[in-house]
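Here the structure comes first, spelled out in structure tokens, and everything after it is commentary.
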Amino acid sequence: MNEMVTIPRAEYERLLEAAEDLADIAAYDRAKAALASGADELIPADFANRLIAGENPVRVYRDFRGLTQAALSEASGVNRVQIANIESGTKRGSIDTLKKLAGALGVSLDDLA
């Protein structure tokens with residue numbers, strides 16, 4: 001059971017590199033499949049940059065979806081003033097509120113938190 005194999009370091013490093021390449025290919029295939037199935041979507045760079053810059057994610061995803069605060073309020077059942085307060089940073093919003101907003105925006109709670 002405890003058999004041991006000795007190979008030259010160069011061969012070991014080549015095998016490690018091949019394993020990393022295979023893992024990269026598998027990750028690529030999973031990402032492409034998620035996009036094709038609709039389980040994942042691409043976010044245009046200008047929206048991604050706004051998120052990276054620290055802009056409120058509710059506002060960014062609302063803009064990305066082309067919704068007004070009133071339309072998001074209607075879709076989520078969250079008061080429009082509460083949405084405005086969350087977007088401006090004056091209020092954080094409860095987990096329940098963020099779940100409703102995430103559902104209406106078609107994103108995960110993690111995307112908003």
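Report whether or not residue 100 is at pLDDT below 95 and out of contact with any strand residue (DSSP E or B) (no Cβ under 8 Å at 6 or more places or on another chain). Considered against the rule, which asks whether it is at pLDDT below 95 and out of contact with any strand residue (DSSP E or B) (no Cβ under 8 Å at 6 or more places or on another chain), residue 100 comes out as no. None of 16, 101 is in a helix (DSSP H, G or I), surrounded by 12 or more Cβ atoms within 10 Å (Cβ to Cβ) and aliphatic (A, V, I, L, M) except 101. For residue 84, indicate whether it is part of a helix (DSSP H, G or I), surrounded by 12 or more Cβ atoms within 10 Å (Cβ to Cβ) and out of contact with any Pro (no Cβ under 8 Å at 6 or more places or on another chain). Criteria met by residue 84.
Quick one: is residue 21 loosely packed, with under 15 Cβ neighbours inside 10 Å and at pLDDT 95 or above? Give the steps one after another, and end with the answer.
On the way: loosely packed, with under 15 Cβ neighbours inside 10 Å: yes; at pLDDT 95 or above: yes.
Spelling it out, residue 21 is indeed loosely packed, with under 15 Cβ neighbours inside 10 Å and at pLDDT 95 or above.
Just checking, which of 89, 66, 106 is touching a helix residue (DSSP H, G or I) at 6+ places or on another chain (Cβ under 8 Å) and not polar (S, T, N, Q)? It would help to see each step written out before you state the result.
On the way: 89 fails: touching a helix residue (DSSP H, G or I) at 6+ places or on another chain (Cβ under 8 Å); 66 fails: touching a helix residue (DSSP H, G or I) at 6+ places or on another chain (Cβ under 8 Å).
On inspection, the qualifying residue turns out to be 106.
Of the residues 73, 94, the single one that is without any contact (Cβ under 8 Å) to a residue 12 or more places away in the chain, surrounded by 13 or more Cβ atoms within 10 Å (Cβ to Cβ) and more than 15 Å from the chain's Cα centre (by Cα) is 73.
To keep it simple, each residue is scored yes or no on (1) farther than 21 Å from residue 43 by Cβ; (2) touching a Lys or Arg at 6+ places or on another chain (Cβ under 8 Å).
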site: 61; (1), (2): no, no
site: 64; (1), (2): no, no
site: 75; (1), (2): no, no
site: 81; (1), (2): yes, no
site: 85; (1), (2): yes, yes
site: 89; (1), (2): yes, no
site: 94; (1), (2): yes, no
site: 99; (1), (2): no, no
site: 103; (1), (2): no, no
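The values are calculated or read from the model by the stated rules, or taken from the named source; none is laboratory data. Note that this is a predicted model, so its numbers are computed, not measured. Cβ coordinates were reconstructed from backbone atoms using ideal geometry, including for glycine residues, and neighbour counts include every protein chain displayed.
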